[in-house]
1. Specify the residue that is farthest from the chain's Cα centre (by Cα); the eligible residues are those in the stretch 147-179 that are outside any helix (DSSP H, G or I) and of a type in the set (Ser, Thr, Tyr).
2. Only one of (1) more than 22 Å from ASP62 (Cα to Cα); (2) touching a helix residue (DSSP H, G or I) at 6+ places or on another chain (Cβ under 7 Å); (3) of a type outside the set (Lys, Arg) is not met by GLY111, so which one is it?
3. In the stretch 148-166, is there at least one residue being within 13 Å of the ligand (Cβ to nearest atom), open to solvent by 40 Å² or more (accessible area, probe 1.4 Å) and in contact with a strand residue (DSSP E or B) (Cβ under 6 Å, 6 or more places away or on another chain)?
4. On the given criteria, is PRO104 under 30 Å from ILE177 (Cα atoms) and either surrounded by fewer than 17 Cβ atoms within 10 Å (Cβ to Cβ) or in contact with a Lys or Arg (Cβ under 8 Å, 6 or more places away or on another chain) (or both)?
5. Yes or no: ALA214 open to solvent by less than 30 Å² (accessible area, probe 1.4 Å), aliphatic (A, V, I, L, M), within 13 Å of the ligand (Cβ to nearest atom) and more than 30 Å from TYR7 (Cβ to Cβ)?
6. Would you mind telling me which numbered condition in (1) more than 16 Å from the ligand (Cβ to nearest atom); (2) open to solvent by 30 Å² or more (accessible area, probe 1.4 Å); (3) not in a helix (DSSP H, G or I) GLY68 fails?
7. Using beta carbons and a limit of 6 Å, which pairs, at least six apart or on different chains, have the first residue in the stretch 19-43 and farther than 28 Å from ALA212 by Cβ and touching a residue at least 24 places away in the same chain (Cβ under 8 Å) and the second one part of a helix (DSSP H, G or I) and open to solvent by less than 80 Å² (accessible area, probe 1.4 Å)?
Amino acid sequence: MTESELYHSLLLLMFILCPIVAFLLFYIKAPYGRYVQRSWGAGITVRSGWIVMEMVALLSFDAAFLTGTPDLVAWIFFILWNIHYGYRGLIYPLRLPNQTKQIPVLIVASGTLFNMINGYLNGRFLSVFGAGYSLDWLTTIPFLLGIALFFTGFLTNVQSDTILLSLRRADKSAYQIPRGFLFNYVSCPNYLGEVVEWFGWAMATWSLPGLAFALFTAANLMPRAYSHHHWYQQTFQEYPKDRKAIVPFIF
Ligand SMILES: NC(=O)c1ccc[n+]([C@@H]2O[C@H](COP(=O)([O-])OP(=O)(O)OC[C@H]3O[C@@H](n4cnc5c(N)ncnc54)[C@H](OP(=O)(O)O)[C@@H]3O)[C@@H](O)[C@H]2O)c1
């Protein structure tokens, strides 16, 4: 099999997985965080789980990118990817309080495999399989809008994480109703930010691996947002009635 055949097969697999993952996750809650269950097998600390899963995305992207021949514009995307995964793979786990709670090895292994493939596809598109970008791309609407969405999503995600982590640090096991910022509108603004961010990436890079990743992120996080929302409503009688799951005023 040539590398091109491998790349295109993995890309196709990503698109096929999106509806399957969305369907499954509406019925099975991914067993970490508030849904963790011993029946999913051995676990490791949440902090090491996040570092392993997410640093793989950074390393596989960087390896795929740096062993190709990226143009000048592609380096902008290299920086964006490294900002996101530097945050998610290092800063976010280090901000987590030390917890006894664990994350199943199975979840870490599947997240690691996904991130390895996804990092490879996005890095390789930018440095080998994509058509390349001229400098004119920097003044196009998809690039400018995509970059704006990327940073809006990223900052929304980081700010929402900050609010949740301050609740988690205040009490290492109990859950509280998060308030303030976009929590006034939705239960999971961290997931909303993540989805917006990767649609911004897809638009700015104008790439199929970017689109596959954005769709996968939505397929993964929208059902989880729905589960969290339902869980909050069941757990707290005083939970705000007008709050939606992930899309303000709609869903
Ligand atoms: N790109 C993707 O496909 C993808 C996939 C998964 C996650 N992510 C990102 O990774 C980040 C973490 O995801 P996650 O699924 O772990 O998010 P989460 O379920 O919202 O939990 C985030 C952290 O906040 C704590 N927390 C959540 N709600 C709380 C509450 N009401 N009171 C007190 N503490 C609370 C959690 O503690 P517990 O662990 O004790 O619940 C955990 O430490 C998010 O920013 C998400 O966008 C991205």
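The values are calculated or read from the model by the stated rules, or taken from the named source; none is laboratory data. Small disclaimer: the values here were computed from a predicted structure and weren't measured. Methodologically, a virtual Cβ is constructed for each residue, glycine included, from the backbone with ideal geometry; neighbour enumeration extends over all protein chains shown. To get the accessible areas, we keep the full protein, side chains included, count just its heavy atoms, and leave off ligands, DNA and RNA. Shrake-Rupley method; radii C 1.70, N 1.55, O 1.52, S 1.80 Å.
1. Per the criteria, the residue is SER173.
2. It is condition (1) that GLY111 fails.
3. No, there is no match, as no residue in the stretch 148-166 is within 13 Å of the ligand (Cβ to nearest atom), open to solvent by 40 Å² or more (accessible area, probe 1.4 Å) and in contact with a strand residue (DSSP E or B) (Cβ under 6 Å, 6 or more places away or on another chain).
4. So PRO104 does not fit the description; no.
5. Taking the combined requirement at face value, the residue does not satisfy it.
6. (2)
7. The qualifying pairs are ALA42/VAL105.
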